[in-house]
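A.B. asks: Structure incoming, see below.
The values are calculated or read from the model by the stated rules, or taken from the named source; none is laboratory data. From a predicted model like this one, the values you see are computed outputs, not experimental measurements. Glycine gets a Cβ as well: all are built from the backbone with ideal geometry, and neighbour counts include every protein chain shown.
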Amino acid sequence: MGELIKYQSRKYFKSNKIIMPLLFWLVFLRISYSEANLSYVPNIVMSMGVLFFVMTWIGYSYQDVEEPVSEQLLVLKLQSADFYNLSKVVFLLIISLSFSVIGIAFPMIQNVLNHFRVFNRAITFLDIIAGVVLHFIVAAVGIGLGSLFHPRIVKDKKMSVLMVVTAALLGYTKGAVILKILALQFLLWIFPPVYDILASFNGMEYFGIRHMVLPVLYGCVYCLAVVMLQLLCLKKVKF
C-alpha cells in the first residue's frame, strides 16, 4: 500500500491539479482570519463548509490525472482492482487530513502572531483537536462525493459536473430546502450530510465531545457508504 500511495502522490502532484484548490483554501483562510475578536466555533463551522466544497473539487478533479493504460497495468500486476482503487481513496484521505490540519494551524498561527487577539476567548487543546477532526470528517465526505462521479461511472463530462455540483449544493443547503418543501426530507437524506453536521453546532461557543459524537458518526457512515458504492461501481464498470 505504501508504494501505491507514493505512486498516487507522484502522479497527482506532477499534474499540478492541487494548486488551485490549495490556493483558494489559503486565500479563504487568510481573509477569514484577518480580523480580530472572532468567535471560534462559528468561524470553524464556516471553514468546514468551505472545505467541503474544496475537497469535492479535489475528489472530482483527481480523476482527470488517471491514465487508463497505466491503471490497467498496475491492476494486472497487483491482481486486484479493489486494492488499487482503495489506494486512491487512502491517498485522497491523506490530502483531506493535510487540508484539515492547515485549516486549524493557520488561524492558530495568526492568533499567536496577533498576540492572541484573533479570537474573543482563549483556545483550548480540545478546540484544536475538535477543529481538526470535524474538518477532516467534512473533507472526507467531500472527497467521497467528488470521487463518486468517476469518468467510468458517469461518462458524460458535462453531466458529471452538473451532478457533482448539484449534489454538493444540496448537501450544504438541504436544511433550507426542506423548510421550503417539507416532503423533500424523504429524498434529500441521500445527499451529503454537510448541512446536518454544520447545523449541529449552531449557537455554540465551545465544542463538546458529546455534541460531536453524532455529527462525526453521521459523516463517517456516509463517507464509508459512498466509498463502498464507488468501489463497487468501478469493479462492475471495467476499463
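A.B. asks: If we only count helices (runs of 4 or more DSSP H) wholly inside the range 129-239, which ones have 2 or more residues that are more than 17 Å from Met48 (Cβ to Cβ) and of a type outside the set (D, E, K, R)?
C.D. replies: Qualifying helices (runs of 4 or more DSSP H): 157-180, 209-236.
A.B. asks: For Met1, work out the one condition from (1) touching a residue at least 40 places away in the same chain (Cβ under 8 Å); (2) surrounded by 14 or more Cβ atoms within 10 Å (Cβ to Cβ); (3) among the aliphatic types (A, V, I, L, M) it doesn't fulfil.
C.D. replies: Of the numbered conditions (1) touching a residue at least 40 places away in the same chain (Cβ under 8 Å); (2) surrounded by 14 or more Cβ atoms within 10 Å (Cβ to Cβ); (3) among the aliphatic types (A, V, I, L, M), the odd one out for Met1 is (2).
A.B. asks: I've got another one for you. Return the residues of the range 14-56 that are of a type in the set (Val, Ile, Thr), in contact (Cβ under 8 Å) with a residue 40 or more places away in the chain and over 11 Å from Phe99 (Cβ atoms); say none if nothing qualifies.
C.D. replies: Those that are of a type in the set (Val, Ile, Thr), in contact (Cβ under 8 Å) with a residue 40 or more places away in the chain and over 11 Å from Phe99 (Cβ atoms): Val41, Ile44, Val45, Thr56.
A.B. asks: Cβ-Cβ below 6 Å, separation at least six or inter-chain, first residue in the range 132-157 and surrounded by fewer than 24 Cβ atoms within 10 Å (Cβ to Cβ), second assigned to a loop (DSSP other than H, G, I, E, B): which pairs?
C.D. replies: The qualifying pairs are Arg152/Val237.
A.B. asks: Does Ala122 qualify as being at pLDDT below 95, out of contact with any helix residue (DSSP H, G or I) (no Cβ under 8 Å at 6 or more places or on another chain), farther than 28 Å from Val65 by Cα and loosely packed, with under 15 Cβ neighbours inside 10 Å?
C.D. replies: yes
A.B. asks: What's the number of the condition Ser70 fails, among (1) touching a residue at least 60 places away in the same chain (Cβ under 8 Å); (2) over 22 Å from Ile137 (Cβ atoms)?
C.D. replies: For Ser70, the failing item is (1).
A.B. asks: Additional query: Exactly one condition in (1) without any contact (Cβ under 8 Å) to a residue 12 or more places away in the chain; (2) of a type in the set (A, V, I, L, M); (3) surrounded by 17 or more Cβ atoms within 10 Å (Cβ to Cβ) is false for Leu232; which is it?
C.D. replies: Of the numbered conditions (1) without any contact (Cβ under 8 Å) to a residue 12 or more places away in the chain; (2) of a type in the set (A, V, I, L, M); (3) surrounded by 17 or more Cβ atoms within 10 Å (Cβ to Cβ), the odd one out for Leu232 is (3).
A.B. asks: Another one. Criterion first (more than 13 Å from the chain's Cα centre (by Cα), small (Gly, Ala, Ser) and surrounded by 15 or more Cβ atoms within 10 Å (Cβ to Cβ)) does Ser200 satisfy it?
C.D. replies: Here the answer is yes, as Ser200 does meet what is asked.
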